[in-house]
Amino acid sequence: MTEAARSAGSAWDADTAVEQLYAAHYASLVRLAVLLVGERAAAEDVVQDCFVAMHGRWRRLREPDKALAYLRQSVVNRSRSVLRHRGVERRHAPTLATDAGALVTDPAEDGVRRDAVLSALGRLPSRQREVLVLRYYLDLDEAGIAAELGISRGAVKSHASRGAATLRRHLDRDGGTPSATPEDRP
């Protein structure tokens, strides 16, 4: 087989694999990113960038059966980058107007609760937010979270405990419903 044929075969494999992963996991990865960055448009950009990067690196992927874990880790890392970029923008452009159009004047109760939880999540330190999102959104156990974030299980426990307590305080203080905290879920 010629090098061109091998290269064409690899491209087809990448195309097919990424297409199947996209069809199966795009929506859940966007939801994960929304919980981390707090807005849908940025989350969609994060996930799209992750799929493009994976496609470009498909031939170098050591264990293609772990592609979903690679995508999740990429989403978490790119979400961190978005949040860092926002922090730089806030520090260097304090006169930027806030998006008042995103506020809803008369939202339904579920919308209020969701907004309160998202707002409280957004105020958590990044590692605590990541641990809580991976635990309660993706339903990963401590070992899974530790593997995804590259930290110890003890660190996962510590971040989860502190994050849940801080989240509860934010919700109580802001008039959000404490029942919306992750620890209160069945």
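The values are calculated or read from the model by the stated rules, or taken from the named source; none is laboratory data. Note that the structure is a prediction, hence the values are computed from the model and not measured. Glycine also receives a Cβ, built like all others from the backbone with ideal geometry; neighbour counts cover every protein chain displayed. Each accessible area value is taken on the protein alone, full model and side chains, heavy atoms only, with ligands, DNA and RNA left out. Shrake-Rupley method; radii C 1.70, N 1.55, O 1.52, S 1.80 Å.
Of the residues making up the range 22-34, just one is closer than 16 Å to Val117 by Cβ and open to solvent by 40 Å² or more (accessible area, probe 1.4 Å), namely Arg31. Counting only residues that are assigned to a helix (DSSP H, G or I), over 16 Å from Gly38 (Cβ atoms) and of a type in the set (S, T, N, Q), the range 118-165 holds 2 of them. Every test in (1) modelled with pLDDT under 90; (2) open to solvent by 60 Å² or more (accessible area, probe 1.4 Å) is passed by Lys157 save one, and that test is (1).
Residue under question is Thr166, and the condition is that it be β-branched (Val, Ile, Thr), at pLDDT below 85 and either open to solvent by 80 Å² or more (accessible area, probe 1.4 Å) or touching a helix residue (DSSP H, G or I) at 6+ places or on another chain (Cβ under 8 Å) (or both); does it hold?
No: the conditions fail for Thr166.
Remark: pairs (first residue in the range 57-84, free of Cβ contacts under 8 Å to residues at least 24 places away in the same chain; second residue part of a helix (DSSP H, G or I) and open to solvent by 40 Å² or more (accessible area, probe 1.4 Å); Cβ separation under 8 Å; 6+ apart in sequence or on different chains) = Leu61/Tyr70. Residue pairs whose Cβ atoms lie under 7 Å apart, sitting 6 or more positions apart in sequence or on different chains, and linking a residue in the range 21-50 that is under 19 Å from Arg86 (Cα atoms) to a partner that is not in a helix (DSSP H, G or I), are Leu32/Tyr137; Leu32/Leu138; Leu35/Tyr137.
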